[in-house]
Amino acid sequence: MSDSDLPDSETEAPTAAELEAAGQNSMFGNAAEEPLAAPAADAPVAAPAPADPAQPYRVLARKYRPQTFSQLIGQEPMVQTLANAIKRDRLAHAFLMTGVRGVGKTSTARLIAKALNCIGPDGEGGPTIDPCGVCEPCRAIAEGRHIDVIEMDAASHTGVDDVREIIEAVRYAAVSARYKIYIIDEVHMLSRNAFNALLKTLEEPPAHVKFLFATTEVDKLPVTVLSRTQRFDLRRIPTDRLAEHFAWVCQEEGVEAEPEALNLVAAAAEGSVRDGLSILDQAIAHADLDEDNKVTSARVRDMLGLADAGAQRRLLGAILEGEPRAMLDAVADQYALGVEPLALIRSLMEIVHRITVMQVGGTMPDLLGEEERGQLSDWAERLSPGQLHRLWQLLLKGYDEVKTAPDPLVSTQMALLRLIHAADAPDPGTLVKRMEELAKGIPAVSGDNAERAPSPATSDAPSAARSAGTGSGTDISSLVTKVEDAGEYIAASIMRLQLRVISCEDGAITFARAPQFTDRIEAELRAALAKATGRTWVLTEVSDPAAPPSMAEAEQAQAAAVRDAMENHPLMQAARAAFPQAELLDEKEQGTADNSRQWSKHA
């Protein structure tokens with residue numbers, strides 16, 4: 001933002017550098033310095049002026065702290081809310097600013113203090129969202145010397161005694177300002193007793209007192225405090241807005257910087273202006289070693305330990321093409337250049353995320369060139385969504401392993417090799433479809449296994465039993481069901497396990513039994529059938545080795561036929577060859593096996 005973009009009232013106001021210098025002079029004595037001249041909007045970027053040895057160096061994060069709400073980037077909703085509240089005279093007595101580090105919480109609190117106490121250049125003004133910056137209250141607040149604006153660090157003033165001083169002081173009116181303002185930074189560090197002591201004053205403070213709280217951990221504040229404040233959640237600054245802001249700072253500093261380098265700094269800042277300015281400060285100092293005094297993307301990557309974008313894509317290409325030797329060489333090259341293994345895994349995750357977003361039609365404004373855009377578009381067309389999600393999951397698992405591994409480089413190599421070998425495995429969706437197809441085709445076993453398929457007599461055993469029991473229209477299985485419904489469970493179990501039904505007519509059953517069954521069951525079965533059907537039944541037992549199997553025997557034969565068909569399937573034989581110790585278990589057998597093996601020494 002240049003001076004030509006600001007309103008006239010702000011161009012006449014002192015700059016941030018002048019206000020900071022005034023604060024330094026008040027603390028360390030006046031030092032001779034020349035007034036700073038604002039560069040023309042169309043003037044070329046000049047070389048940085050030599051630092052005045054009489055003044056200590058001010059880091060960019062302090063030098064470019066916002067002095068007006070128009071300089072507070074990325075927080076437009078909050079500024080609009082405050083502007084409307086000031087215009088309508090609906091100012092709350094307590095404000096809470098929360099958000100991640102470096103997004104302007106403390107700066108916002110100071111700006112609110114200036115906005116509420118500004119009296120204008122003529123001394124007749126009232127609260128305004130655009131403080132003039134030239135009146136005595138504005139200058140004193142900017143220099144940190146206003147007697148009615150008390151800033152307290154809750155991290156070092158955590159007790160009840162510190163809060164008691166505030167409670168005793170709020171009774172007295174402001175000395176020279178319109179409002180007495182208490183700015184409490186990192187307010188979540190106050191003790192529980194300190195919060196309790198502050199509650200009454202926070203709920204009903206005097207009309208001349210305003211409380212401004214700032215915290216990064218709002219979840220640690222008691223609900224009783226949150227309900228007494230007007231809360232503003234400051235947002236992370238988007239990467240493109242940060243890059244524009246850093247470009248303006250470089251122009252003000254007279255430093256040339258590549259757009260790609262500023263994008264890297266903005267991405268590393270993770271939405272924090274202060275973090276980004278600190279990184280930019282370091283990058284400018286790093287660029288002074290170069291002949292052309294320019295902040296380049298290569299030097300920023302080297303400073304941050306980031307992998308080169310082209311090298312990242314080449315590494316991912318080697319993984320997708322299944323070339324382990326090329327992949328290991330690429331990892332070794334990046335490691336030799338100082339790229340940390342963890343940063344290498346993270347860069348691959350970022351590429352996979354970009355490909356996935358491009359595949360679903362999203363835009364990637366931070367793409368740096370046509371070459372990168374073309375490469376990622378090609379991968380987005382070639383790779384399926386399932387492959388991309390599997391890549392992400394494997395990279396995420398590898399990231400956790402590298403973070404805790406004793407040798408991060410070796411862990412990175414193994415994680416990326418796992419990516420290459422996992423490319424040959426089918427994804428879960430395809431595997432489920434293949435299993436469903438195999439399940440549908442189990443009865444039809446073709447090829448060399450045809451002679452080992454279950455015989456018709458064995459596979460049709462259940463239907464043979466049913467046909468034997470339905471010669472006259474009566475089904476033995478339905479009779480068993482009626483007996484069970486009548487509560488005769490023992491009789492139903494005997495019928496299912498022992499009766500090899502030869503014929504089943506209305507009121508008469510002829511059956512045979514296996515040789516091991518010798519007990520007398522006719523009387524019990526007659527009573528159960530009479531209770532279930534309401535009529536008398538005649539039961540005749542004969543000795544017939546060719547009798548059809550019982551219901552239980554038919555079910556066992558059917559299960560054995562299905563199991564034999566599965567065992568003879570080529571896919572099962574291949575699994576047996578790969579895993580000789582594997583066992584095929586159904587759900588019931590698996591539960592029994594798990595219980596029995598729980599205490600096994602060979603488990």
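The values are calculated or read from the model by the stated rules, or taken from the named source; none is laboratory data. Since we're looking at a predicted model, the values are computed, not measured. When we count neighbours, we look across all protein chains shown, and the Cβ atoms used for this are built from the backbone with ideal geometry, even at glycine. Calculation scope for accessible area: heavy atoms of the full protein, side chains included, ligands and nucleic acids excluded. Shrake-Rupley method; radii C 1.70, N 1.55, O 1.52, S 1.80 Å.
Within the stretch 571-585, residues that are part of a loop (DSSP other than H, G, I, E, B) sit with their Cβ atoms under 8 Å from residues that are of a type in the set (D, E, K, R) and open to solvent by 70 Å² or more (accessible area, probe 1.4 Å), at 6+ positions apart or across chains, in these pairs: ALA582/ARG576; LEU584/ARG563.
Exactly one residue among GLU151, GLU143 is charged (D, E, K, R), at pLDDT below 90, surrounded by 14 or more Cβ atoms within 10 Å (Cβ to Cβ) and in contact with a helix residue (DSSP H, G or I) (Cβ under 9 Å, 6 or more places away or on another chain), and that residue is GLU143.
Selection over the stretch 117-156 of residues that are in contact with a Lys or Arg (Cβ under 6 Å, 6 or more places away or on another chain), under 12 Å from ALA177 (Cβ atoms) and not charged (D, E, K, R) gives a count of 3. For LEU242, the conditions (1) modelled with pLDDT under 90; (2) open to solvent by less than 10 Å² (accessible area, probe 1.4 Å); (3) assigned to a helix (DSSP H, G or I) are fulfilled apart from (1).
The set of residues in the stretch 330-345 being modelled with pLDDT under 85 and open to solvent by 90 Å² or more (accessible area, probe 1.4 Å) consists of LEU337 alone.
Check whether at least one residue in the stretch 545-552 is in contact with a Leu (Cβ under 8 Å, 6 or more places away or on another chain) and not in a helix (DSSP H, G or I), and report yes or no. Checked the stretch 545-552: at least one residue is in contact with a Leu (Cβ under 8 Å, 6 or more places away or on another chain) and not in a helix (DSSP H, G or I). When the stretch 204-226 is filtered for residues that are open to solvent by 20 Å² or more (accessible area, probe 1.4 Å), of a type in the set (Ser, Thr, Tyr) and either closer than 23 Å to GLY271 by Cβ or out of contact with any helix residue (DSSP H, G or I) (no Cβ under 9 Å at 6 or more places or on another chain) (or both), only THR216 remains.
Identify the residue in the stretch 116-133 that is surrounded by fewer than 23 Cβ atoms within 10 Å (Cβ to Cβ) and among the aliphatic types (A, V, I, L, M) and, among all such residues, is nearest to ARG274 (Cα to Cα). Top of the filtered list is ILE129.
Restrict the check to the stretch 176-185 and report whether at least one residue is more than 37 Å from the chain's Cα centre (by Cα), surrounded by 15 or more Cβ atoms within 10 Å (Cβ to Cβ), over 21 Å from GLY102 (Cα atoms) and aromatic (Phe, Trp, Tyr). The answer is yes, given that some residue of the stretch 176-185 is more than 37 Å from the chain's Cα centre (by Cα), surrounded by 15 or more Cβ atoms within 10 Å (Cβ to Cβ), over 21 Å from GLY102 (Cα atoms) and aromatic (Phe, Trp, Tyr).
Note on the stretch 120-237: enclosed strands (runs of 3 or more DSSP E) holding 1 or more residues that are of a type in the set (A, V, I, L, M) are 149-153, 180-185, 209-215. Annotation note: Cβ proximity below 8 Å between a residue of the stretch 171-198 that is closer than 30 Å to GLU124 by Cβ and a residue that is of a type in the set (S, T, N, Q) (sequence gap 6+ or interchain) occurs for ALA177/ASN117; ARG178/ASN117; TYR179/ASN117; ILE181/ASN117; ILE183/THR106.
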